[in-house]
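Asker: Pasting in a structure now, in structure tokens, and then I'll have a few things to ask.
Every number here is computed from the coordinates shown, using simple stated rules; none is lab data. Remember, it's a predicted structure, so these values are computed and weren't measured experimentally. Ideal geometry is used to build each Cβ from the backbone, glycine not excepted, and the neighbour counts take in all protein chains shown.
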DNA sequence: TTAGGGTTAG
């Protein structure tokens, strides 16, 4: 970095700090701020503090705060938030108590409230909430933070009680979104959909749904399998929100369309995104979605596309999830050679170390292709401990392959050695102990599969074309 | 500076 070529003026640096991505840039900007003698600038120091705080890097955040020549309300609140992000609720409380009166803003109360929620201390959070009501510093944000605290703790009844107490004048779109997400998290997507209907059907002063609302309700539709309603929501909100530039919403829509077999509609959503907009989640959804729809070659093509894109702007790099999606896509489509190659290039080319789940995909891939011996060799040479899923997969294939008696006994012994507290291992041990019944189940299942295959529809064959854009 | 959303084998 050459200081002479860098934009002078703190406004430009401030923009760089708030807009920077990644740890190295943060540190470089921090150095620059120090070199230019701007470390005593409260606004710049606070901006840096926020970055470190969000990343959970408490030590540099604390140092910036301690070295400030004077501290305003924003600096205090940023430090509170940094402590909260690191789960240090008690330290946040001490700082809050130390704050000079005029520096305590509504944001201070709300930040402290979320600190307690994050560490699961709902009683203290509630006490702060009640105190902020008495101090008349509360707003919809305080209520929403408290509602979310109960939602995240799984206490939907308490959340609902506050929701009802808020009344329609105080409830905003975040309140609804929070409740919907809470129901989803608890595994009650129907309740999330009911909440959405209430939001859209309530007369008069109901707030307008946002991209967050739509993303949440679409996810709920995917979970209950109500693709008709999900599609209707998508169509009816398309004008409202415009062509979505929101990565999370696009991701939820693609996931829904892939899961109901509408590959073309999913890809339509993808191509409608501006170039560079799809993030890691979106790419993973596309790769997994193509894979589960029997489009292995297209999944591999999408992966290559993703890697190329990320080399250009250095933003999207495949992660562990990408390779689970990719390898299972190869497995479903019988792409043995491609699967082997991709597995081999994981660490050297992409910096992702293969984990037990990736070995599981490879075992599945090899077994489906009838390469039982290679699958066993792979598991024997695994650098990570094979888990119950890997061994269970091997066991399943070995037993049905006829010549896999040795492999199946080997896998069964490894399963028996696994920690009995591992739920899957425990289940598999029991399963192995009742092999006669298992064989019966297998026969039953293969019968069902034949019936389904005979009546099933051939999936669409439009190819994945990334250049549609 | 404070509240809400998404992907993962068998």
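Asker: At 1.306 mPa s and 10 °C, plugging the Kirkwood radius over alpha-carbon pairs of the stretch A:203-275 into Stokes-Einstein gives what diffusion coefficient in µm²/s?
Answerer: Working: Rh = 12.3 Å.
Calculated translational D: 129 µm²/s.
Asker: Let me ask something additional. Please work out the ratio of the alpha-carbon Rg of the stretch A:115-177 to 2.2 N^0.38 Å and round it to two decimals.
Answerer: Details: Rg = 10.9 Å, N = 63, 2.2 N^0.38 = 10.6 Å.
Compared with the compact-globule rule of thumb, the stretch A:115-177 sits at 1.02.
Asker: Once each part is reduced to its C-alpha centroid, what is the distance from the stretch A:117-175 to the stretch A:3-64 in angstrom?
Answerer: 33 Å
Asker: Would you mind classifying the stretch A:126-214 by shape? Square roots of the alpha carbon gyration tensor eigenvalues, ordered a ≥ b ≥ c; an a/c under 1.5 is rounded, otherwise it is prolate if a/b is larger than b/c and oblate if not.
Answerer: Working: a/c = 2.19, a/b = 1.31, b/c = 1.68.
Oblate.
Asker: Fewest first, what order do A:15, A:88 take by the number of other Cβ atoms within 10 Å?
Answerer: Working: A:15 13, A:88 18.
Lowest count first: A:15, A:88.
Asker: Would you order A:109, A:410 from fewest to most other beta-carbon atoms within 10 Å of each residue's own beta-carbon? Mind dumping the intermediate values first?
Answerer: Numbers: A:109 24, A:410 18.
Exposure proxy ranking, most exposed first: A:410, A:109.
Asker: Rank by packing, highest mean first: peptides A:253-265, A:91-103, with packing defined as the count of other Cβ atoms within 10 Å averaged across residues. Walk me through the intermediate numbers first.
Answerer: Working: A:253-265: 21.7, A:91-103: 14.2.
Answer by packing, highest mean first, reads A:253-265, A:91-103.
Asker: Here's another thing I want to ask about it. Extension gain residue A:197-residue A:139, at 0.36 nm per residue separation less the Cα-Cα distance, in nm? Before the final figure, lay out the partial values.
Answerer: Details: separation 58, 0.36 × 58 = 20.88 nm, distance 2.50 nm.
Gain on stretching residue A:197 to residue A:139: 18.4 nm.
Asker: Now, a different point. Sort A:227-234, A:153-160 by the packing proxy (mean of other Cβ within 10 Å over each peptide's residues), most packed first.
Answerer: Values: A:227-234: 17.9, A:153-160: 16.1.
The peptides rank, most packed first, as A:227-234, A:153-160.
Asker: Something else about it: How would you order A:69-81, A:162-174 from highest to lowest mean count of nearby Cβ atoms within 10 Å? Show your work: numbers first, answer last.
Answerer: Details: A:69-81: 19.5, A:162-174: 14.8.
Descending mean neighbour count gives A:69-81, A:162-174.
Asker: Shifting gears a bit: Could you grab the Rg to Rh ratio for the stretch A:248-365? Cα atoms only, Kirkwood for Rh. The partial results should precede the final answer.
Answerer: Values: Rg = 13.4 Å, Rh = 14.1 Å.
Reported Rg/Rh, Kirkwood definition of Rh: 0.95.
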